[in-house]
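S.K.: Before we start, here is the structure in question, set down as structure tokens.
All of the numbers you see were taken from the coordinates with simple rules; none came from a lab. This is a predicted model, so every value here is computed, not measured. Because the Cβ atoms are built from the backbone with ideal geometry, glycine has one as well, and the counts that use them run over all protein chains shown.
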Amino acid sequence: MKRLIWIAACLLVASACAMTPALATASERPRKIAVFDLELDDFSAGGPLAGESPAETKRLAEMTRLARDLLAASGLFEIVDVAAAKDPMVETHRLRKCNGCDADVARGLGAELSFVGFFRKVSVMVQSLVFYIRDTKSGALVDISQTDFRGETDESWRRALTWLIRHRLVERDLARRGGVAPE
């Protein structure tokens with residue numbers, strides 16, 4: 001009997017937690033964000049000469065989809081389609097090096113925020129993930145987040161991306177709005 005009561009209590013808490021993000025963000029509408037394709041900044045031995053491998057290209061596309069899905073699922077952001085962006089820095093996946101031009105491109109797409117993320121590869125074992133988020137009106141950086149991780153696998157990239165979005169973007173913004181992050 002105690003076990004049934006405990007299970008029922010857990011279910012009530014879980015359902016309350018699941019509803020909290022919607023309640024927490026009800027007072028503030030989701031912000032329009034242009035999430036550009038994630039990029040690879042390869043400093044590994046021979047990496048710049050060899051270029052992006054087909055496996056890395058595929059992994060970057062998967063991580064871009066995951067980033068958009070996680071940001072949209074948070075309820076804090078409305079994802080703006082970036083397919084219409086024709087800027088050469090967007091097309092060559094070099095927004096990380098354009099000194100804020102992403103804000104102008106995102107503003108042209110109707111976004112309030114621009115999101116540029118890249119995996120920096122020092123070696124197969126030493127990598128980091130960095131996000132730059134800019135206000136499209138002023139071009140000012142509103143967030144720079146980074147995490148280091150080890151290993152060059154789908155799982156290591158996914159964990160780094162999920163962790164960084166949850167702990168550096170979603171939870172921080174929900175806390176500012178007075179809400180609680182989803183489990």
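S.K.: Could you give me the ³J(HN,Hα) list for region 36-46, computed from phi with Karplus coefficients 6.51, -1.76, 1.60 and θ = phi - 60°, whole Hz, x at Gly and Pro?
M.R.: So the J values, rounded to whole Hz, are 6, 3, 5, 10, 10, 10, 9, 9, 5, 4, x.
S.K.: Could you give the size of the charge dipole of region 110-183 about its Cα centre, using +1 on the Cβ of each K and R and -1 on the Cβ of each D and E, expressed in debye and rounded to the nearest 20?
M.R.: Its charge dipole is roughly 140 debye.
S.K.: Work from the charge dipole of region 30-81 (Cβ charges, +1 for Lys and Arg, -1 for Asp and Glu, about the Cα centre) and give the residue of S44, A55, L76 farthest towards its positive end.
M.R.: L76
S.K.: For region 57-139, which semi-axes, largest first and in whole Å, follow from the square roots of 5 times the eigenvalues of its Cα gyration tensor?
M.R.: After diagonalising the Cα gyration tensor, the semi-axes are 21, 16, 12 Å.
S.K.: Separate question: Determine, for V130, V142, the number of other Cβ atoms within 10 Å of each Cβ, and report the residues in order from fewest to most.
M.R.: Lowest to highest Cβ neighbour count: V142, V130.
S.K.: Continuing with the same structure: Sequence-distant or interchain residues sharing an amide H contact under 5 Å with L38, placed H: which?
M.R.: The answer is T64.
S.K.: Would you kindly derive the ³J(HN,Hα) couplings of region 127-144 from the backbone phi angles with the Karplus curve 6.51 cos²θ - 1.76 cosθ + 1.60 (θ = phi - 60°), listing them in order in whole Hz, with x for Gly and Pro?
M.R.: Karplus-based 3J(HN,Hα) across region 127-144 equals 9, 9, 10, 10, 10, 10, 10, 10, 6, 6, 6, 9, x, 6, 5, 9, 7, 10 Hz.
S.K.: Can you sort L95, L109, L60 by how many other beta carbons sit within 10 Å, fewest first?
M.R.: Ranked by crowding around the Cβ, least crowded first: L109, L60, L95.
S.K.: Here's another thing I want to ask about it. Where does each of E91, E62, E152, E39 land when they are ranked from fewest to most other beta-carbon atoms within 10 angstrom?
M.R.: Least to most surrounded, the residues fall as E91, E62, E152, E39.
S.K.: Describe numerically, in nm with one decimal, the distance between label points set 7 Å from Cα along Cα→Cβ at E171 and at E91.
M.R.: About 4.1 nm, to one decimal.
S.K.: List the residues, sorted by chain then number, that are 5 or more residues from V126 or on another chain and whose placed amide H is less than 5 Å from its amide H.
M.R.: Counting only residues 5 or more places away or on other chains, the set is G151.
S.K.: Under a straight-distance cross-link criterion of Cα-Cα below 18 Å, which aspartates and glutamates are reachable from K86, leaving out those fewer than 8 residues away in the same chain?
M.R.: Once the sequence-local aspartates and glutamates are set aside, what remains near K86 is D37, E39, D102, D104.
S.K.: Can you return the lysines within cross-link range of K58? Criterion is Cα-Cα under 20 Å, with same-chain partners fewer than 8 residues away left out.
M.R.: Those lysines meeting the cut-off are K121.
S.K.: Further, regarding this structure: Could you run the Karplus curve 6.51 cos²θ - 1.76 cosθ + 1.60 with θ = phi - 60° over region 107-113 and give me ³J(HN,Hα) per residue in whole Hz, x for Gly and Pro?
M.R.: With coefficients 6.51, -1.76 and 1.60, one gets 4, x, 8, x, 8, 8, 10 Hz.
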